[in-house]
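Novice: Before we start, here is the structure in question, set down as C-alpha cells.
Just so it is clear, none of the values below were taken in a lab; they were calculated from the coordinates. Here the structure is a predicted model, which means the values were calculated and not measured. As a convention, Cβ positions derive from the backbone with ideal geometry for all residues, glycine included, and neighbour counts pool all protein chains shown.
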Amino acid sequence: MTNPVTISAPEGLPFIDIVREFEAPVEKVFQAHADPELYARWIGPHGYETDLQRHDFTTGGGYRFVQRTPTGEEYAFNGVFHVVRRDELAVQTFEFEGAPDQISLEYLTFERLEGGRTRLVGHAVYPSVETRDAMVASGMQTGVEEGYQRLDDILDAG
C-alpha cells in the first residue's frame, strides 16, 4: 500500500514540510534511514542508482551520496547529522553539491501511530525563499514520492 505524501511550501516562507505515513512500526522506518544498505536502496526517484559513499546516521555523523540517472547524469549530496535520537528524531543539514552553499537544515520526526504504524514528518529550512523555490522546482516531489514507494516495498518485505 502506498500512502499519499503531503508536501507544503508556504508562499513567502523559506521552508518545506513533508508528511508521510507508513504501514510499519517506527523501529523499522528508522532503521531504513539508519542502515546504509537499506537507505541506498530507497532514496530518490525510480531508476536512479545511489552510490552511498558515507552514511553515519549518528549524532555528529555525516553522509555523502551520488545519484546516477539512467542516462548517466550525476547528482551529489552531502550533510551532517547534528542530532540523531533512535526511533524519534534526526536533525541534519542537506546540500546539493550542484548548488554549493545553499544548505538547508532538516528535522525528521518519527511518530508512533496506533496499529504499529508510523508518521514521518520532515521540516526543511532554507537560507532564502529563492533557494526553497529552486528545490521545489528541481523535481524534489517526484524523488520523495518515488523514494517512499520503494521504502514501502522494503518495509513490506521485512
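Novice: For region 5-157, give the magnitude of the charge dipole about the Cα centre (Cβ charges: +1 Lys/Arg, -1 Asp/Glu; no others), in debye to the nearest 20. Can you show the working numbers first?
Specialist: Details: 13 positive and 27 negative charges, 62 e Å.
Result for region 5-157 is approximately 300 debye, rounded to the nearest 20.
Novice: Tally Lys and Arg at +1 and Asp and Glu at -1 over the other residues with C-beta under 11 Å from the C-beta of Ile7: what net charge comes out? Please report the intermediate quantities before stating the final value.
Specialist: Working: positive: Arg20; negative: Asp17, Glu145.
My count for the surroundings of Ile7 gives -1.
Novice: Still on this structure: Note down the nm distance, to one decimal, between modelled labels 7 Å out along Cα→Cβ at Asn3 and at Asp153.
Specialist: 2.0
Novice: Considering only Thr93, Thr58, Thr71, give the residue with the highest GNM mean-square fluctuation for the chain, with springs between Cα atoms whenever their separation is below 10 Å.
Specialist: Thr71
Novice: Any idea how far apart Arg119 and Thr58 come out in nm if each label point goes 7 Å out from Cα toward Cβ?
Specialist: Using points 7 Å along Cα→Cβ, the separation is 3.2 nm.
Novice: Report, in deg cm²/dmol and to the nearest 500, the calculated mean residue ellipticity at 222 nm for the chain, where each DSSP H run with n ≥ 4 adds -39500 (n - 2.57) and the sum is divided by the residue count. Don't skip to the answer; put the middle values down first.
Specialist: Details: 4 runs with 43 residues, N = 158.
Helix-only estimate at 222 nm: -8000 deg cm²/dmol.
Novice: Roughly how big is region 85-158's charge dipole about its Cα centre, with Cβ charges of +1 (Lys, Arg) and -1 (Asp, Glu), in debye to the nearest 20? Please report the intermediate quantities before stating the final value.
Specialist: Values: 7 positive and 15 negative charges, 58 e Å.
Charge dipole, region 85-158, about its Cα centre: 280 debye, nearest 20.
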